[in-house]
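The values are calculated or read from the model by the stated rules, or taken from the named source; none is laboratory data. Model, not experiment: these values are computed from the prediction. Cβ placement follows ideal geometry from the backbone for every residue including glycine, while neighbour counts extend to all protein chains displayed. Remember, those area values only see protein heavy atoms, side chains included, never the ligands or the DNA or RNA. Shrake-Rupley method; radii C 1.70, N 1.55, O 1.52, S 1.80 Å.
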Amino acid sequence: MVLTPLVLELETVRIGLWCTAALAVNQFYIQAKQGRAKFPAGVRAPEDVSLFTNRTKQPQDFGEGPADEKMKKARMLVTRWNKISENSLQNVPFGLLVAWSSMLTASGNPLFKYFFIAFAVSRWAHTLFYAAGSMPGRPIAWISGWMSVIAMLTLGLTN
């Protein structure tokens, strides 16, 4: 067996780092929006009132209390951000694993960095479309993200 040195294209690594940073900021954004939606919906733990400013003066009871129409809308917003977070946590780690592991063999391929960028942009677009309740933007962004992951994996396996 002949061992060959591992050579990574520096530009591709930098682009990968920027994309990873963008996805980390996206997750922070999701969690911040998710957390901010919880007080008006009354879905935080009762003891959280003492830690945070509860400007809405909404009782916090894990969302178990009665709900008028305004409260139902607030709880739907929390559910939306919970779903956005779940989707991100289901897709982004796997996509990053594929991207960084495929980079080991495909960093010299000029297309690789564009697929990495497409993955990051697609995930941000998915977040924004999901938050806005936009159809067909959300599934298009989701499919675009997965197509980017499949393309990176293919390049990694064939180079």
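Count of region 57-69 residues, restricted to those that are within 13 Å of PHE39 (Cα to Cα) and part of a helix (DSSP H, G or I), is 0. Scanning region 53-76 for any residue that is of a type in the set (A, V, I, L, M), within 25 Å of THR127 (Cβ to Cβ) and touching a Lys or Arg at 6+ places or on another chain (Cβ under 6 Å) turns up nothing.
For region 92-124, the set of residues classified as open to solvent by 30 Å² or more (accessible area, probe 1.4 Å), over 19 Å from THR4 (Cβ atoms) and assigned to a helix (DSSP H, G or I) consists of PRO93, PHE94, LEU96, LEU97, TRP100, TYR114, PHE115, ILE117, ALA118, VAL121, TRP124, listed by residue number. For region 33-47, filtered to residues that are open to solvent by less than 60 Å² (accessible area, probe 1.4 Å) and without any contact (Cβ under 8 Å) to a residue 24 or more places away in the chain, the residue that is farthest from the chain's Cα centre (by Cα) is ALA45. Within region 137-159, the only residue that satisfies the criterion of being among the hydroxyl-bearing types (Ser, Thr, Tyr) and open to solvent by 90 Å² or more (accessible area, probe 1.4 Å) is THR158.
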